[in-house]
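The values are calculated or read from the model by the stated rules, or taken from the named source; none is laboratory data. Since the structure is predicted, the reported quantities are computational estimates derived from the model, not experimental observations. Neighbour counts are summed over all protein chains in view; Cβ atoms, including those assigned to glycine, are modelled from backbone coordinates with ideal geometry. Each accessible area value is taken on the protein alone, full model and side chains, heavy atoms only, with ligands, DNA and RNA left out. Shrake-Rupley method; radii C 1.70, N 1.55, O 1.52, S 1.80 Å.
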Amino acid sequence: REGERILHVGLPFLLCGLAFMTFPLLAAASPVAGFLCVSAGIMGVYSGSAPSLALLNELAAGPGLVVALPFLACAGLLMLLMPRLMRMPKRYWLSYGGERAHHAAEAD
């Protein structure tokens, strides 16, 4: 069969997204339902990870795989760190006196 790996990658991530979207509703109804929802979401993430590496191996066979695997690892790391990196400039700007300079400029 053709295109089956796409389904093995896409469906777990889609169900994981649906589980995380319904989490606030289920957690408000019952803590147990919220816990089961988060557990199902985490299972979805991990069940789609291995087929995604197999799909990458199929799509970037040969010397391209040497570049594709580290690129995938870096992309995953950046997605993990992106919220923290987006907050960093404002925090450092305020810690180095930027807030005082901003208030002094407003007073003039």
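Some points to look at:
- Selection count where residues are closer than 15 Å to E4 by Cα and open to solvent by 50 Å² or more (accessible area, probe 1.4 Å), scope region 46-70: 6
- Residues satisfying the criterion are present in region 23-45 (criterion: free of Cβ contacts under 8 Å to residues at least 40 places away in the same chain, hydrophobic (A, V, I, L, M, F, W, C) and under 17 Å from R5 (Cα atoms)).
- Selection within region 23-37 - open to solvent by less than 50 Å² (accessible area, probe 1.4 Å) and assigned to a helix (DSSP H, G or I): A27, A33, G34, C37
- Extreme residue, farthest from A68 (Cα to Cα), among residues of region 1-55 that are at pLDDT below 90 and among the polar types (S, T, N, Q): S47
- Residues that are among the aliphatic types (A, V, I, L, M) and under 19 Å from L72 (Cα atoms) within region 15-49 comprise just one, V45.
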